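K.L.:
Please find one structure pasted underneath; my questions will follow.
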């Protein structure tokens, strides 16, 4: 751009894209929508120490902003606090009896104040469940039950600790894993499903689905995960479609019979066993860029970017890397239409063969 960018607001998932972008905030970077890990911020902040960074927290029900925390020096590990309540905002950390918890003791986070919404439109039952009478405010006021776990630190800042329920956030979107699991088990070949968010690489959160086939006798062939994935793509918005599906003989359980999430394996994003090697220097470069962005060892020219774990944010990063390395301008939709190296290479050839549109010339005014 002709003028410098003063402020950018992003989610933590966008930080890797910001590292590769020529567009950088000169004054302030605001981060929100997801918990912010120090590891995800440290690299960028090291190269931009003079930019003020604010960690921002607030659900939509509180008109987005509820608390903020100005980061003066970035730690290398651990979670970054979500700060203190913003102007006209009250925040409570309460136990199950709606009593304030002591400093350092986790509780559920409640928000009250002038900016709080009145409730959910035409949903009185849900409004009554989430917007309850404020036990510490003026008569008639309400407080919003966020479902987030938090605690007060000794310095008066808030630390976000996760959720009280199974709701997760990926790239700023709220996701109920149970809704995704219901769609996956709607396929005739699937008996059970579990969905969770994994962060096997710092700052790269991905929604992963674990499937137990209905026919456990046929363990060698197993269900066609591509069919299950297409079903999910047809019935769910893009941000709720798992990045990968893992087939298991059974879901691991704790001694109490609950799902043992820590025992679920990381997805093995491997290329096709019959993959074809690159045939041209450009295909070789594209294969290397696919593998770099996806964080896997190798990619063949026929392997699908999204089947290997790609999503919209990684697609944006791949397009940026292609622009930097190959000097080729691509629209994001080109990758969605041609998600393989061979398809993308053919798209580049076809685009280059099209005649370029001539530059517009100033319109001549008719002579008076």
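K.L.:
Pairs of alpha-carbon atoms within less than 8 angstrom and 6+ residues apart define the contacts here; what relative contact order does the chain have, in percent?
P.N.:
Worked out over the chain, it gives 10 percent.
K.L.:
Another question about this same structure. In which sequence would 57, 210 go, from the one with the fewest C-beta neighbours within 10 Å to the one with the most?
P.N.:
Least crowded to most crowded, the residues run 210, 57.
K.L.:
In addition: Could you tell me what % of all Cα pairs in region 176-263 have separations over 16 Å?
P.N.:
When every Cα pair of region 176-263 is considered, 53 percent fall beyond 16 Å.
K.L.:
How much length is gained if the chain between residue 126 and residue 96 is pulled fully straight, taking 0.36 nm per residue apart and subtracting their Cα-Cα distance, in nm to one decimal? Don't skip to the answer; put the middle values down first.
P.N.:
Numbers: separation 30, 0.36 × 30 = 10.80 nm, distance 1.87 nm.
The span from residue 126 to residue 96 would gain 8.9 nm if fully extended.
K.L.:
Arrange the following residues from fewest to most other Cβ atoms within 10 Å of their Cβ: 240, 86.
P.N.:
Ordered by Cβ neighbours within 10 Å, fewest first: 86, 240.
K.L.:
Right, another one. How do 241, 293 line up, fewest other C-beta atoms within 10 Å first?
P.N.:
By the 10 Å Cβ count, ascending: 241, 293.
K.L.:
Still on this structure: Given R₀ = 45 Å, FRET efficiency for residue 215-residue 60 by Cβ-Cβ distance, to 0.05?
P.N.:
Values: r = 43 Å, r/R0 = 0.95.
My answer for the efficiency is 0.60.
K.L.:
Let me have the relative contact order for region 5-163, percent, based on Cα pairs under 8 Å that are six or more residues apart.
P.N.:
Relative contact order, region 5-163: 18 percent.
K.L.:
Tell me the mean residue ellipticity at 222 nm calculated for the chain from its helices only (DSSP H runs of n ≥ 4, each -39500 (n - 2.57), averaged over every residue, nearest 500).
P.N.:
Computed mean residue ellipticity for the chain: -7000 deg cm²/dmol.
K.L.:
Relative to a virtual label point 7 Å from the Cα of residue 312 in the Cα→beta-carbon direction, which members of region 223-241 show backbone nitrogen distances below 13 Å?
P.N.:
Flagged as within label range: 237-241.
Read the figures in this text as sums done on the coordinates, not as results from a lab. Just so we're clear, the structure is a prediction, and the values are computed from it rather than from any experiment. Methodologically, a virtual Cβ is constructed for each residue, glycine included, from the backbone with ideal geometry; neighbour enumeration extends over all protein chains shown.
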